[in-house]
Structure formats: structure tokens, C-alpha cells
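Let me begin by presenting the structure, written as C-alpha cells, before commenting on it.
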Amino acid sequence: MKGTRTTSRTTGRSPARAKTSTSRYVPARRALRLKGGASRIVLVADTHSQPHPDSARRIADQKPDYILHAGDIGDLSVLDGLSTLAPVLAVRGNIDSHAPEVPDAMIVDVVDDEGRTLLKMLLVHIAVYGPKIRAEIARLAEEEGASLVLCGHSHVPFIGRDKGLVVFNPGSIGPRRFQLPIVFGVVDITPSGVKLQHVDCETGERWTP
């Protein structure tokens with residue numbers, strides 16, 4: 001894979017959009033290693049070149065091991081800023097056609113010290129239609145053995161379950177849309193399980209609907 005402008009920001013080269021029998025996505029693949037038996041991932045989306053002024057401070061407060069961006073990045077300097085906090089993986093959103101080096105979808109394996117996969121995640125920008133997961137995303141997750149789908153696009157933070165998959169949208173830390181909150185997601189992974197939550201970018205407190 002082609003390198004990027006910083007050592008910690010790892011987007012990868014965009015795979016070709018190929019029509020297959022099941023999905024238009026050909027995902028990139030990355031592995032994240034548990035650190036000290038556990039890892040904390042911050043999930044952001046829809047920065048639209050203008051992450052909230054408090055976003056860096058609030059994300060740093062979470063002490064993430066990794067940061068994932070679920071698309072609609074805008075200016076790629078956003079990723080460079082995030083990479084000063086933790087290593088970054090990102091996928092393209094529908095406004096990111098200027099960034100062909102960023103993949104459209106990514107399979108992220110969380111592995112232990114012996115290289116065993118503990119969790120397989122699918123990172124993609126658009127994954128749901130209303131509350132339901134899109135058929136092509138469900139098929140791709142099933143083919144890849146992913147159990148957690150991480151997505152953005154709607155700016156609506158939610159945690160849901162459909163077609164046997166858990167879907168996590170962190171909301172947006174970019175410009176406010178309508179009356180939606182400005183929030184990001186936190187994924188805590190241990191050998192015993194996964195915990196998902198939202199954090200309010202303005203207050204630093206846990207956000208709930």
C-alpha cells in the first residue's frame with residue numbers, strides 16, 4: 001500500500017470500485033493490535049473540513065490507542081491533525097472524491113499479541129438506509145466475517161442491530177446539522193467484550209439520546 005504524508009496516518013490506496021456478485025466495495029485491510037490486553041478506539045465522522053474547535057481536546061481526553069474516521073473528511077489536513085493524537089485509519093465519504101488514496105471501505109481486524117483476531121469491523125461511510133442496514137453492506141460484512149459496522153453520513157449518532165450486525169454511527173464532529181449534537185464514538189475492546197458509547201464534543205460528557 002502507498003504511504004501517506006505522516007507516519008501515523010494510515011489511509012492506504014483506494015481500491016478500485018469493482019462490480020462483484022455481492023458488493024461494489026473492495027475493502028482495504030488493516031490490523032490493530034490490542035495494547036496491554038485492551039484497546040480504546042475513537043470513531044469520528046463527517047468533519048467536512050471543520051472539526052469542532054474542542055474536538056482535539058475531547059478526543060485526547062479519551063486517551064485513544066487508535067482513531068477511525070468514517071468519511072466525509074473534507075480537507076485531508078483533518079487527518080493530519082487527528083494523527084497527532086493517535087494513529088488514524090480513514091475511509092472516503094461522498095464528499096471525498098478529491099482523495100483517491102483513501103479507500104471506500106476497510107476491514108479492520110483487532111488482534112491479540114499472538115495475532116489472533118478478536119474482533120472484525122467494517123468501516124464504511126454509508127451503511128444504513130433509515131434504521132436498516134443496506135443489503136450490500138450486510139453481504140460484505142457477512143463475506144468478511146465482520147460483526148461490527150462503523151459508519152457515518154447521516155450525522156445522527158446511534159447504536160443499532162440489524163441482520164445480525166451491530167451498527168455504530170458516531171454522529172458528526174463537524175459543522176452542526178439542524179439540531180443534532182456534535183459527538184464522537186468510543187469503542188472499548190477487551191478480550192472479554194466490546195463497549196460502545198458516544199461522547200459530547202462540547203461538554204466532554206457521555207452522550208445518550
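Output the residue which, of all residues in the range 32-85 that are out of contact with any strand residue (DSSP E or B) (no Cβ under 9 Å at 6 or more places or on another chain) and assigned to a loop (DSSP other than H, G, I, E, B), is surrounded by the most Cβ atoms within 10 Å (Cβ to Cβ).
Checked the range 32-85; the qualifying residue surrounded by the most Cβ atoms within 10 Å (Cβ to Cβ) is Gly74.
Filter the range 139-197 down to the residues that are touching a strand residue (DSSP E or B) at 6+ places or on another chain (Cβ under 8 Å) and of a type in the set (Ser, Thr, Tyr), then identify the one that is surrounded by the most Cβ atoms within 10 Å (Cβ to Cβ).
Among those residues, the one meeting the criterion is Ser172.
Could you go through the range 82-99 and let me know if any residue there is farther than 18 Å from Val42 by Cβ and within 14 Å of the chain's Cα centre (by Cα).
The answer is yes; a qualifying residue exists.
Yes/no per residue for (1) more than 20 Å from Ile41 (Cβ to Cβ); (2) at pLDDT 95 or above; (3) touching a Leu at 6+ places or on another chain (Cβ under 6 Å):
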residue: Val102; (1), (2), (3): no, yes, no
residue: Met121; (1), (2), (3): no, yes, yes
residue: Ala141; (1), (2), (3): no, yes, yes
residue: Ile173; (1), (2), (3): no, yes, no
residue: Arg176; (1), (2), (3): yes, yes, no
residue: Pro191; (1), (2), (3): no, no, no
residue: Gly204; (1), (2), (3): no, yes, no
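With respect to the numbered conditions (1) farther than 29 Å from Glu136 by Cα; (2) among the basic types (Lys, Arg); (3) in contact with a helix residue (DSSP H, G or I) (Cβ under 8 Å, 6 or more places away or on another chain), which one is the sole condition not fulfilled by Lys163?
(1)
Can you tell me which of (1) in a loop (DSSP other than H, G, I, E, B); (2) out of contact with any Asp or Glu (no Cβ under 8 Å at 6 or more places or on another chain); (3) surrounded by 15 or more Cβ atoms within 10 Å (Cβ to Cβ) is the one Val102 doesn't meet?
All conditions pass for Val102, except number (2).
I'd like the residue in the range 166-196 that is part of a loop (DSSP other than H, G, I, E, B) and basic (Lys, Arg) and, out of all such residues, is farthest from Ser154 (Cα to Cα).
Arg176
Report yes if some residue within the range 66-89 is of a type in the set (Ser, Thr, Tyr) and under 16 Å from Leu148 (Cβ atoms); otherwise report no.
yes
The values are calculated or read from the model by the stated rules, or taken from the named source; none is laboratory data. Because the structure is predicted, anything quoted here is derived from the model rather than measured. Reconstructed Cβ throughout: ideal geometry from the backbone, glycine too, with neighbour counts over all protein chains shown.
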